[in-house]
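Some notes on the structure that comes next.
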Amino acid sequence: MSAKPSQRTKPQSPHLVAKIGGSLWSSAALLGWLAALARFPHPVTIVPGGGPFADAVRKAQAAMRFSDATAHRMALLAMEQYALALADLDQRLSCVATPIEAAVIHAEGRIALWRPSAMASGSADIPASWDVTSDSLAAWYAGLAGARNLLLVKSVDATGAEIIAGEVVDPLFARYATPFDVKIAGPSDLAAAGAIFANGDIPGTTIAMINPRRQQRIAS
């Protein structure tokens with residue numbers, strides 16, 4: 001039976017879960033964010049976006065008309081492809097499938113990089129829908145891992161109005177993200193991010209949780 005987001009494996013800790021947007025895949029900022037996160041003095045788990053790999057799934061579904069359930073499983077594998085690429089770019093990252101595996105990596109002083117298929121495929125907690133992106137999956141994982149902080153790193157800066165209106169995350173994000181502090185960061189936050197992380201703080205702007213029905217998805 002799948003654990004629900006409210007059923008954490010341990011009490012909340014300074015553990016940071018950071019979702020790295022797939023839209024950063026071709027940006028020079030990608031390596032900058034990875035380097036900045038490495039300065040955080042507490043455990044870090046990175047959740048990869050889908051990037052061009054998820055875009056390929058969307059395009060293929062439109063042409064082939066396979067089911068949303070199949071597209072969901074393929075999108076999870078797209079996140080894993082992005083994870084493998086990130087791990088190859090930065091040797092400080094180690095792929096994991098569960099929070100238990102991540103804890104082992106953290107104990108060794110390394111950064112965990114989540115591959116979601118083992119946990120998320122077939123989970124009753126996660127609808128097989130494009131309304132659930134890597135943003136919601138990052139929040140779901142953070143809840144199960146007992147993390148206190150969730151950071152969404154995007155390739156564009158969100159305006160204050162977008163954050164207030166809930167337009168920077170997918171429609172179901174609030175379902176998973178309410179138990180902990182959530183911030184969103186963009187290009188304007190990168191220059192100071194390393195120093196902020198080194199101080200044990202999280203860069204970015206706090207997201208106020210709102211009614212999920214009012215949320216709209218932007219690039220994940």
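Highest mean packing comes first when the peptides 91-97, 18-24 are listed by Cβ atoms within 10 Å, giving 18-24, 91-97.
As an exercise, use a Förster radius of 25 Å and the Cβ-Cβ distance of residue 118 and residue 65 to find the FRET efficiency, rounded to the nearest 0.05.
Working: r = 28 Å, r/R0 = 1.11.
About 0.35, to the nearest 0.05.
Taking the Cα atoms of the range 13-214, the ratio Rg/Rh between the radius of gyration and the Kirkwood radius comes to 0.94.
Remark: the residue 42-residue 181 segment gains 48.5 nm on full extension, using 0.36 nm per residue and subtracting the alpha carbon distance. With the highest mean first, a sort of the peptides 50-61, 76-87 on other beta-carbon atoms found within 10 angstrom per residue produces 76-87, 50-61.
A dipole drawn for the range 106-208 from +1 and -1 charges on Cβ atoms has a positive end, and of 186, 119, 174 the residue lying farthest that way is 119.
No value in this document is a laboratory result; all are computed from the given coordinates. Computed from a prediction, not measured in an experiment: that's the story for all the values here. Using ideal geometry, Cβ is built from the backbone for each residue, glycine included, and neighbour counts are taken over all protein chains shown.
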